[in-house]
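Here the structure is laid out as C-alpha cells; the discussion comes afterwards.
Please treat every number below as a calculation from the coordinates, not as lab data. What you see is a predicted model, and the numbers here were worked out from it, not measured in a lab. Virtual Cβ from ideal backbone geometry, glycine too; neighbours counted across all protein chains shown.
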Amino acid sequence: MKIVVGITGGIAAYKAVSVVRAFVLAGHSVQVIATDAALRFVGKPTLEAISRNPVYTELYEGVAEVRHVALGQAADLIVVAPATANFLAQLAGGFAPDLLGNTILASRAPVVVAPAMHTEMWQNAATQTNVATLEARGVTIVGPAIGQLTGNDAGPGRMSEPDDIVAAALVVVVASGDLVGRRILVTAGGTREPLDPVRFIGNRSSGKQGVAIALAAAARGASVTLIGANLEVEVPATIAVTHVGTTAELAAAVAAAVPGADAVIMAAAVADYRPETVAAAKIKKELQGDTLKLTLVKNPDILHDVSATKTVGQVVIGFAAETETDPDALLALGRAKIARKGCDFLVVNSVGWTTGFATDGNEVRILNAAGDIVGEASGSKRAVANRILDVLL
Ligand code: CTP
C-alpha cells in the first residue's frame, strides 16, 4: 500500500518516526511530507532513512512532475501525525498553503489524523468545531490520549502512541477493502522431514511470498488463516498463524482449515518425500561407514487432494516453483502441473540457486485451469501478492 505520512510542527513529531517505521516494516511504501515547522522538531535525514524515500516539504519543488497532485493521487492512505491545532483548522477550512495541504486536497484516499497539542488548545471551541467538521467529512481522528504533556501539565492532548495510530489507520483501510467478508487460507514456508532428532530434509523456502500474500489479503479486508511451515520471516501479531513442521502436519492443518475457507492459496514448498523411518537417536557415522542410504516414501499431495474435494465457490490456487529458465518450457511445465493438480489457478515462477527463494522480489505468471495466462507480475513479493489477489477476486 502507498501511504503518505504527513508530519506537522509539534514536539510529538519525533514520535512520527516510529509511525513511519511501523508502516515500512509492515511492507508498505511510505512517502513522508513534512511541513517546515515539523523539520524544526525532527531531522529530514532521520525521516529519509526510516522511510527509505526522499522527504518532501516544498510546494515549488518537483513542479515538472506535478508533485502537489501526484502524491495525493497515488496514495492509498494519508496519515497526519502529529496534527497541530493550526493544521486541523487548515484542513477543516480546505486551505492548501503547503505541499501537505495540496496533497490531501488532491487525494481520494482515506485520511487519518492524530492530533497533539496542549489541553487548552484541544478543548478550545475552534479546535473542537474543526474536529467535528473533519469527522463529518469522513476523516478519522485518532486520540489525542490523556497524559503527560511537554511541560509540567497533563491532560488530553498527548499524541496517541505510534502503534495505536498505525493500527487505527490500517483498520480504516481494511474496512474499505475489496476482500472484506472473505476467508482466505494461505500456506507459507517449506516443510521439513526429520531424519533423526537433529537433522532434516528440507528446502530453501523462507515463507516470504506466502506471508506477503497473507498480509496483502488482510490489508484488503480478508479474514486470513496462515499455516506456516518453518517460517524464516516474522509475522505481525495481527495474523493468526498455525505453525507446522512436516508435510503430514501441514496436511492435517490444511484439512482442518479448508472447510471454512473461500479461497486456499498454497504457497508453501512441500517436501514430496519423507524418510521411511526416523531414527530415535542421532545417526552416528561410526555405525554407517562411508555411505549412508536413506529410503524415502512419498508424501500426500495436499494441493491435489484439496482441489479434488473443494466445494462449489471455493477457489484453490497452487504454486509451481521450477528451475526451468526457458520461458516457454517453464509455461509448459506449469500447464502440465495445473492439469495434474486440478487447482483453479497456478502461480508459476522460476527458482534457482540465487533466485526465487528468500529474496525480496519475485516474477510470476498466473495460469488458469485451461492453461491460459490470466495474470503476470514482477516486483516486490507484496506487489506479486496483490496481483494474485486481483486474479482471485
Ligand atoms: N504441493 C502439495 N503437496 C505436495 C507437493 C506440493 O500441496 N506433496 C503443492 C505446493 O504447495 C504447490 C504445488 O503443490 O502449491 C506445486 O508444488 P511443486 O513442488 O512445484 O510440485 P510437485 O507436485 O511437488 O511437483 P515436482 O516437485 O515434481 O515439480
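Suppose every K and R has +1 on its Cβ and every D and E has -1 on its Cβ; what is the size of the dipole of region 158-250 about the Cα centre, in Debye to the nearest 20? Could the numbers behind the result be given before it?
Working: 8 positive and 9 negative charges, 50 e Å.
For region 158-250, the charge dipole is close to 240 debye.
Roughly how many nanometres apart are two label points built 7 Å out from the Cα toward the Cβ at Lys44 and Ala145?
3.1 nm
Let's test this: bin the Cα-Cα distances of the chain at 10 Å from zero up to the farthest pair and state each bin's percent.
Reading upward from the zero bin: 5, 20, 25, 19, 16, 10, 4, 1, 0.
Charges only on Cβ, +1 for Lys and Arg, -1 for Asp and Glu: so what's the dipole of region 317-363 about the Cα centre, in debye to the nearest 20?
On the way: 4 positive and 7 negative charges, 61 e Å.
Value, rounded to 20: 300 debye.
Helix-only estimate, please: 222 nm mean residue ellipticity of the chain, summing -39500 (n - 2.57) across DSSP H runs of length 4 or more and dividing by its residues, to the nearest 500.
-10500 deg cm²/dmol
Working out 0.36 nm times the residue gap between Tyr273 and Ala132, then minus their Cα-Cα distance, what length gain in nm do you get to one decimal? Don't skip to the answer; put the middle values down first.
Numbers: separation 141, 0.36 × 141 = 50.76 nm, distance 6.25 nm.
Once the chain is fully extended between Tyr273 and Ala132, it gains 44.5 nm.
Quick one: in region 40-117, what % of C-alpha pairs are over 22 Å apart? It would help to have the intermediate numbers written out before the result.
Numbers: 691 of 3003 pairs.
That tail contains 23 percent of the Cα-Cα pairs.
Say each of His304 and Asp36 gets a label point 7 Å from the Cα, pointing the same way as Cα to Cβ; how far apart are those two points in nm?
The two pseudo-label positions are separated by 7.0 nm.
Give me Lys293, Lys337, Lys2, Lys15 ranked fewest to most by other Cβ atoms within 10 Å of their Cβ, as a rough exposure proxy. Each step should come with its number before you reach the end.
Values: Lys293 5, Lys337 19, Lys2 14, Lys15 22.
Lowest count first: Lys293, Lys2, Lys337, Lys15.
For the chain, what proportion of DSSP beta bridges, expressed in % and rounded to the nearest 5, is antiparallel?
Details: 22 of 66 bridges.
Looking only at bridges with both residues in the chain, the antiparallel portion is about 35 percent.
Order these by the 10 Å Cβ neighbour count, fewest first: Tyr273, Tyr60.
Working: Tyr273 14, Tyr60 8.
Placing the least packed residue first, the sequence is Tyr60, Tyr273.
Report the far tail of the P(r) of region 203-313, meaning the percent of Cα-Cα pairs longer than 16 Å.
Looking at region 203-313, the distances longer than 16 Å represent 66 percent of pairs.
Given that compact globular proteins tend to follow 2.2 N^0.38 Å, what is the ratio of the alpha-carbon Rg of region 149-273 to that value?
Working: Rg = 18.9 Å, N = 125, 2.2 N^0.38 = 13.8 Å.
Cα-based Rg divided by the globular estimate yields 1.37.
In region 50-72, which residues have a backbone nitrogen under 12 Å from the label point lying 7 Å from Ala106's Cα in the Cα-to-Cβ direction?
58-72
I'd like the distance separating the alpha-carbon centroids of region 124-192 and region 258-318, in whole Å.
Cα centroid of region 124-192 versus Cα centroid of region 258-318: 42 Å apart.
Go through 182-195, 316-329 and give me the packing order, highest mean Cβ count within 10 Å leading.
Numbers: 182-195: 24.0, 316-329: 17.2.
Ranking, from highest mean packing down: 182-195, 316-329.
Would you mind listing how long region 2-175 runs along its three principal axes, going by Cα atoms, in whole Å with the largest first?
The Cα atoms of region 2-175 stretch 45, 34, 30 Å along their principal axes.
Tell me the Rg and the Dmax, in Å, that the Cα atoms of region 183-392 produce.
Here Rg and the maximum Cα pair distance are 17.4, 57 Å.
Test of understanding: what is the full-extension gain from Phe95 to Val174, defined as 0.36 nm times their sequence separation minus their Cα-Cα distance? Show your work: numbers first, answer last.
Numbers: separation 79, 0.36 × 79 = 28.44 nm, distance 2.86 nm.
Full extension from Phe95 to Val174 adds 25.6 nm.
Along Cα→Cβ, 7 Å out, is where each label goes; now give me the distance between the ones at Asp328 and Arg21 in nm to one decimal.
5.2 nm
For Glu58 and Met121 in the same chain, what is the full-extension length gain: residue separation times 0.36 nm, less their Cα-Cα distance, in nm?
20.0 nm
Enumerate the amide H contacts of Leu296 below 5 Å, restricted to partners 5 or more residues apart or on another chain; note that Pro and chain-start residues carry no placed amide H.
Here the answer is Glu276, since their amide H atoms fall under 5 Å of that of Leu296.
If neighbour count is taken as other Cβ atoms inside 10 Å, put Lys208, Lys310, Lys284 in order from fewest to most.
Working: Lys208 25, Lys310 18, Lys284 9.
By the 10 Å Cβ count, ascending, the order reads Lys284, Lys310, Lys208.
Assuming R0 = 51 Å, can you tell me the calculated FRET efficiency for the pair Lys2 and His243, based on Cβ-Cβ distance, to the nearest 0.05?
Working: r = 32 Å, r/R0 = 0.62.
The formula returns an efficiency of 0.95 here.
Given the options Leu333, Leu294, Leu100, state which has the largest fluctuation in a GNM of the chain using a 10 Å cut-off (strictly under) for Cα springs.
Leu294
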